[in-house]
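Trainee: Dropping the structure in here first, questions after.
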Amino acid sequence: MSEELKYWYLRDHKLFWTLCMSQIKQLCIIVGYKKAILILIPCTTLLGALLGLGTMAGALFSHILFLGIEVKNDGGTLFILAIITFLCCLLLIYNQKSKIPDLFKFKL
């Protein structure tokens, strides 16, 4: 099945009217760097892990519902990496669970 037919329902989506594919990739890279930096700073680890968990949940649902496990003959590598990242974020959240009440008081 061609890519055009597989994702026909996304062709008219408003996001793709205003952004080209390279801009969407740049946004994904920027969001990924922000999460990584937040995870590395001890006082914002929980916030970065929560953002990462949400992003990876979206990636996993996209793979399961729309893309399929294997995308462009990668053997499921991206899906497996999303699962690993999701589990790592869960582990970070579990380790930082005592700071969850403090997250509501967080100010930059």
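Trainee: Among the residues of the range 85-103, are any more than 21 Å from Ile41 (Cβ to Cβ), assigned to a helix (DSSP H, G or I), among the hydrophobic types (A, V, I, L, M, F, W, C) and at pLDDT below 90?
Mentor: no
Trainee: Another question about this same structure. Keeping to the range 68-83, report how many residues are surrounded by 13 or more Cβ atoms within 10 Å (Cβ to Cβ) and not β-branched (Val, Ile, Thr).
Mentor: Final tally of qualifying residues: 6.
Trainee: Here's a follow-up. Give Leu53, Leu65 a once-over and let me know the one that is modelled with pLDDT of 80 or more, surrounded by 13 or more Cβ atoms within 10 Å (Cβ to Cβ) and out of contact with any strand residue (DSSP E or B) (no Cβ under 7 Å at 6 or more places or on another chain). Please lay out each step first, then the result.
Mentor: Details: Leu65 fails: surrounded by 13 or more Cβ atoms within 10 Å (Cβ to Cβ).
From the options Leu53, Leu65, the qualifying one is Leu53.
Trainee: If you don't mind, another one. Within the range 58-79, how many residues turn out to be more than 11 Å from the chain's Cα centre (by Cα) and without any contact (Cβ under 8 Å) to a residue 12 or more places away in the chain?
Mentor: Here is the first cut: in the range 58-79, the residues more than 11 Å from the chain's Cα centre (by Cα) are 63-79.
Then keep just the ones that are without any contact (Cβ under 8 Å) to a residue 12 or more places away in the chain; that gives 64-65, 67-77.
Adding up the residues that qualify gives 13.
Trainee: Mind checking which residues of the range 68-83 are assigned to a helix (DSSP H, G or I), closer than 19 Å to Ile29 by Cβ and of a type outside the set (Gly, Ala, Ser)? Break it down stepwise before answering.
Mentor: Narrowing the range 68-83 to residues assigned to a helix (DSSP H, G or I): 77-83.
Retained after the next criterion (residues that are closer than 19 Å to Ile29 by Cβ): 77-78, 81-82.
Within the range 68-83, Thr77, Leu78, Leu81 qualify.
The values are calculated or read from the model by the stated rules, or taken from the named source; none is laboratory data. None of these values were measured; they are calculated from a predicted model. Glycine also receives a Cβ, built like all others from the backbone with ideal geometry; neighbour counts cover every protein chain displayed.
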